[in-house]
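As structure tokens, the structure follows; a few thoughts come after it.
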């Protein structure tokens, strides 16, 4: 057991999130927290991370166990370079190295025969042992590798963190957390700000993670790939399920069906007992039996069947009539300082368009959303709204921008117009804010609840063009389905930025793909059609490469087999010419790394030997040698990672030319 939750209770006013909650986390376990938004999942994580204090109960950690927590949002870093901020995950180790340097300087001033000198020597030895155990030479290459996996480019490493958007800020926080390698990793919606490629990388990384993982996510594929146990929250209580998330979904339905049958059976038995009591109550000869049945009835623990969790139920207001052209972009450029996000874009959104906006993070999707909503102006060019176009814009940051000190009702009333004010209470009810829930402060709401409040504020302004930037990020499965149905019934036009393929497929008819450094491309159909088209285009390009390099001898227009073989041989020779020197350098680096690691181990052993401990000059010499070796080893690992990536890139390019 690495961590135990014992009899935990959290209550907000009259509402109990959970009580008497107890479970343990074993080493290497994978646990999912399930339940509707606001059920207490994120609150439980904050309790385990010691950010939130429970009303009662306790959380017990094994000695030296570390807990790391990634929140849903709210990370804002600036003023440091990306690589420096990421390396701050090893702040404790870097402080140890700094302490060693300080002690080394102090040693020069002390008498080697003094007790102070001996104490300094002992402290240096202890710190060196800790650093040796963490293999500090590998830290920077490892940090760079994780940053690349999360979608950062090498050129980003020296950029200020403040230059990155909110989604990338969360990736920085995730990178630092993964580098710290806590014994218990708490991840609250970790895929919300990741594109498809980064999601796949993270899933593979977490598969191989040595510590325990507790995960909140609405990505069923990720949950199924990782978790082995699910803790589900229902109306103040929690139930545990062994197996992956799909097993939990099926088993929870089965358990409820069994409970319903048990309740019906119990009701029949109670009815029979009551009938017996009523029938023989007046007969003195049956008095003892009647009393026995009454006592038996009093001891029965009534089986309660809870109502199904409520889900959102709403439809968008009827939109006002608009013109054929909704929004038009002409020669639009958008830059942030030296960073050019959108270049020379010409595009028109027309009445009835239902567009999915896709692409890797940083390609310009959210920037495009802000431009067409007129939340931002282009650096060059013109964005013009069509005749009577009325916009409702749901931004990624809208939920974060709500005033935490205001109540739900105050927030929505402030956003309403004179015409929509009478709708406020009804609309809040549709979004599951009923009774006293409307008087909760925004600051105590979960991420999903805040997203629902932001959606309510948007709906108070009837519009014929919706712009939704990652609307499903904090919505549970049921809420996503309700939003999806509402969009299917909506007669206006909309653009949706999302990586949620299951959500988008039934509701979009066009895909606008943003590619860094290129003009956006339009595909007809839904996201699956777009992905299929990409695969077909790639297959066709490969086939075309093969066709261009093959022809019959009698065609007179193509290449004969000998020419094809000669071209292929030339490409392979070029591959060998390009890769060979890189591979030779890589082999040399691997040999040098092995030598340096062996040298580092030898120096470490010498520093621990009794003969050296009494020789001040030797200690100083070995310490300098150890630090120099470690620095060279770190540089070698960094170069090794760069060359490995270059070899893979070169081989991939040559393989494409060969049509492989």
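Just so you know, all these numbers are worked out from the coordinates, no wet-lab data involved. Not measured: the values here are computed from a predicted model. With ideal geometry, Cβ positions are generated from the backbone for all residues, glycine too; neighbour counts draw on all protein chains shown.
Taking just the alpha carbons, could you work out the radius of gyration and Dmax for the chain, both in angstroms?
31.9, 116
For residue 401 and residue 377, compute 0.36 nm times the residue count separating them, minus their Cα-Cα distance, and round to one decimal in nm.
Full extension from residue 401 to residue 377 adds 6.6 nm.
Roughly how far apart, in whole Å, are the Cα centres of region 257-274 and region 314-356?
59 Å
Helix-only estimate, please: 222 nm mean residue ellipticity of the chain, summing -39500 (n - 2.57) across DSSP H runs of length 4 or more and dividing by its residues, to the nearest 500. Kindly include the intermediate steps, with their values, before the conclusion.
Working: 21 runs with 319 residues, N = 660.
Computed ellipticity for the chain at 222 nm equals -16000 deg cm²/dmol.
Diagonalise the Cα gyration tensor of region 240-289 and give the resulting equivalent ellipsoid semi-axes, square root of 5 times each eigenvalue, largest first, whole Å. Kindly include the intermediate steps, with their values, before the conclusion.
Working: eigenvalues 360, 16, 4 Å².
The equivalent ellipsoid of region 240-289 has semi-axes of 42, 9, 4 Å.
Quick one: of the DSSP bridges fully inside the chain, what percent are antiparallel, nearest 5?
Details: 37 of 72 bridges.
Of those bridges, close to 50 percent are antiparallel.
How many percent of the alpha carbon pairs in region 482-533 exceed a separation of 16 Å? Don't skip to the answer; put the middle values down first.
Details: 558 of 1326 pairs.
In whole percent, the share of Cα-Cα pairs in region 482-533 beyond 16 Å is 42.
Which three numbers, in whole Å and largest first, are the semi-axes of the equivalent ellipsoid of region 27-123 derived from its Cα gyration tensor as √(5λ)? Don't skip to the end; give the middle numbers.
Details: eigenvalues 363, 80, 25 Å².
So the equivalent ellipsoid measures 43, 20, 11 Å along its semi-axes.
Using only alpha carbons, build the gyration tensor for region 83-164 and give me the equivalent ellipsoid semi-axes, biggest first, whole Å.
On the way: eigenvalues 259, 34, 12 Å².
One finds semi-axes of 36, 13, 8 Å for region 83-164.
In nm, give the distance between the simple-model label positions of residue 260 and residue 239, each being 7 Å from the Cα along the Cα-to-Cβ direction.
It works out to 1.3 nm between the two label points.
Over the chain, what is the relative contact order in whole percent, taking alpha-carbon pairs under 8 Å and six or more residues apart? Each step should come with its number before you reach the end.
Details: 1006 pairs, mean separation 87.5, N = 660.
13 percent.
How big is the convex hull of the Cα atoms of region 325-537, per residue, in Å³?
Details: hull volume 27.4 nm³, N = 213.
Expressed per residue, the convex hull around the Cα atoms of region 325-537 is 128 Å³.
Take the Cβ-Cβ distance between residue 602 and residue 301 as r, set R0 to 56 Å, and report the resulting FRET efficiency rounded to the nearest 0.05. The partial results should precede the final answer.
Values: r = 70 Å, r/R0 = 1.25.
In this case the efficiency is close to 0.20.
For region 62-108, take every pair of Cα atoms, bin their distances at 10 Å starting from 0, and report each bin as a whole percent.
The calculated distribution, bin by bin, is 19, 32, 32, 15, 3.
I'd like the projected area of region 426-495, averaged over all directions, using the convex hull of its alpha carbons. Report it in nm² with one decimal. Present the calculation step by step, with values, prior to reporting the outcome.
Details: hull surface 20.0 nm².
Computed as one quarter of the Cα hull surface, the answer is 5.0 nm².
Could you list 168, 201 so that the one with the fewest beta carbons within 10 Å of its beta carbon is first and the one with the most is last?
Working: 168 22, 201 16.
With the fewest neighbours first, 168, 201 line up as 201, 168.
What percent do you get for the relative contact order of region 223-381 when only Cα pairs under 8 Å and 6+ apart count?
On the way: 139 pairs, mean separation 21.0, N = 159.
Answer for region 223-381 is 13 percent.
Expressed as a rounded percentage, what relative contact order does region 397-505 have, with Cα pairs under 8 Å and six or more residues apart?
Numbers: 108 pairs, mean separation 31.1, N = 109.
Once normalised by length, the contact order is 28 percent.
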